[in-house]
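Written out below as structure tokens is the structure these notes cover.
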Amino acid sequence: MLGSIALFNDSFANIVTITFSALIIIELANVYSSVQHLTFLMFLSILVTLAVYAGSILMFNNYFDTSYMNWQFVVKIAIISVAAWLPVHLGIKIYECMDPSEEKKI
């Protein structure tokens, strides 16, 4: 939320759009980073999730302001998402390297 306020100096409705978009991307990144092997069904569910997200933005246009969605918006959402997801992901990877599971030791 602080990242969206720092990168975007917009109204509350725009902040809702920004944080909702970042939340969806972060959750998909968390799912992707927690699975061992990405199967076709998992990939299909990610695509369906993105389609439902796009549909919700179109259906609930009273809550989301789509007038300013452009490439700068996408880049700023990516920055917010990476800033929220990467430290946790790196922490997990470092912990796994320092204390590997019994399966990885064998």
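Read-outs: derived from the displayed coordinates by stated rules, not from any lab. Please read all numbers here as calculations on a predicted model, not as lab measurements. When we count neighbours, we look across all protein chains shown, and the Cβ atoms used for this are built from the backbone with ideal geometry, even at glycine.
For this structure, a couple of remarks:
- Dipole magnitude for the chain: about 140 debye, using +1 per Lys or Arg Cβ and -1 per Asp or Glu Cβ, origin at the Cα centre.
- Label-to-label distance, nm, for residues given as residue 70 and residue 50 (7 Å Cα→Cβ offset): 2.3
- Rg to Rh quotient for region 46-106, alpha carbon positions, Kirkwood Rh: 1.23
- Phi angles across region 55-62 convert, under the Karplus curve 6.51 cos²θ - 1.76 cosθ + 1.60 with θ = phi - 60°, into 3J(HN,Hα) values of x, 5, 5, 6, 6, 9, 5, 6 Hz, Gly and Pro given as x.
- All lysines inside 21 Å of residue 93 as judged from Cα atoms, apart from same-chain residues fewer than 8 positions distant: 104, 105
- At 1.306 mPa s and 10 °C, Stokes diffusion of region 2-105 via Kirkwood alpha-carbon radius, µm² per second: 102
- Applied to region 75-84, the Karplus parametrisation 6.51 cos²θ - 1.76 cosθ + 1.60 on θ = phi - 60° returns per-residue 3J(HN,Hα) values of 5, 5, 5, 5, 5, 5, 5, 5, 5, 8 Hz, with x for Gly and Pro.
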